[in-house]
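To start, the structure under review is shown below, and the notes come after it.
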Amino acid sequence: MTNVLRIFLGLIGLLFLAMGIGAWIDTQPLQESMGLTPTSPLGLGTLRGDLAAFFLVGGGLSLAASIRRDGNLVTVPLMLIALTLIGRLYTQMMTYDPLLVQPIVAEAVITLVFAAAKFRGLRG
């Protein structure tokens with residue numbers, strides 16, 4: 001079970017790192033996949049700053065947890081993704097949109113992987 005968790009953590013980490021670096025290099029794919037449209041340089045800076053930070057921190061710590069076999073390193077990514085999931089669920093409850101289902105499922109799975117690594121599989 002530990003090796004399976006490590007593989008998932010590593011894959012999630014690499015995906016998040018790619019998304020974070022992508023937010024710095026070219027925001028267009030991130031804008032399209034997340035339904036975001038900056039209307040000013042402030043919005044573009046938010047995409048590059050906030051989203052890059054979210055994904056680089058989450059991805060870096062997830063990858064580090066996988067490599068070091070230390071579930072404590074996923075505490076911050078777990079909190080980030082769980083709060084993101086809560087925000088998305090709240091939005092879904094307030095205004096149902098089928099487009100939210102896929103990210104909710106993805107974030108729920110990632111939350112479960114991080115929680116399993118933190119509390120069950122990878123103890124530092």
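What do you reckon, is residue 85 assigned to a helix (DSSP H, G or I), in contact (Cβ under 8 Å) with a residue 24 or more places away in the chain and out of contact with any His (no Cβ under 7 Å at 6 or more places or on another chain)? Reasoning before the result, please.
Working: assigned to a helix (DSSP H, G or I): yes; in contact (Cβ under 8 Å) with a residue 24 or more places away in the chain: yes; out of contact with any His (no Cβ under 7 Å at 6 or more places or on another chain): yes.
It is true that residue 85 is assigned to a helix (DSSP H, G or I), in contact (Cβ under 8 Å) with a residue 24 or more places away in the chain and out of contact with any His (no Cβ under 7 Å at 6 or more places or on another chain).
Regarding the range 96-116, can at least one residue be identified that is over 24 Å from residue 28 (Cα atoms), surrounded by fewer than 16 Cβ atoms within 10 Å (Cβ to Cβ) and within 11 Å of the chain's Cα centre (by Cα)?
Looking for residues that are over 24 Å from residue 28 (Cα atoms), surrounded by fewer than 16 Cβ atoms within 10 Å (Cβ to Cβ) and within 11 Å of the chain's Cα centre (by Cα), one finds at least one in the range 96-116, hence yes.
May I ask you to list the residues in the range 38-67 that are touching a Ser or Thr at 6+ places or on another chain (Cβ under 9 Å) and not in a helix (DSSP H, G or I)?
The one that is touching a Ser or Thr at 6+ places or on another chain (Cβ under 9 Å) and not in a helix (DSSP H, G or I): 38.
Would it be correct to say that residue 71 is surrounded by fewer than 21 Cβ atoms within 10 Å (Cβ to Cβ), in contact with a helix residue (DSSP H, G or I) (Cβ under 7 Å, 6 or more places away or on another chain) and within 19 Å of residue 7 (Cβ to Cβ)?
So residue 71 does not fit the description; no.
Can you report the number of residues in the range 1-37 which are of a type outside the set (Ser, Thr, Tyr), assigned to a loop (DSSP other than H, G, I, E, B) and surrounded by 13 or more Cβ atoms within 10 Å (Cβ to Cβ)?
Result for the range 1-37: 1.
For the range 19-33, which residues satisfy the criterion of being within 15 Å of the chain's Cα centre (by Cα) and in contact (Cβ under 8 Å) with a residue 12 or more places away in the chain?
Of everything in the range 19-33, those that are within 15 Å of the chain's Cα centre (by Cα) and in contact (Cβ under 8 Å) with a residue 12 or more places away in the chain turn out to be 19, 20, 21, 23, 30.
Each reported figure results from applying straightforward, stated rules to the coordinates on display, with no laboratory input. No experiment lies behind these values; they were computed from the predicted model shown. Backbone-built Cβ (ideal geometry, glycine too); neighbour counts: all protein chains shown.
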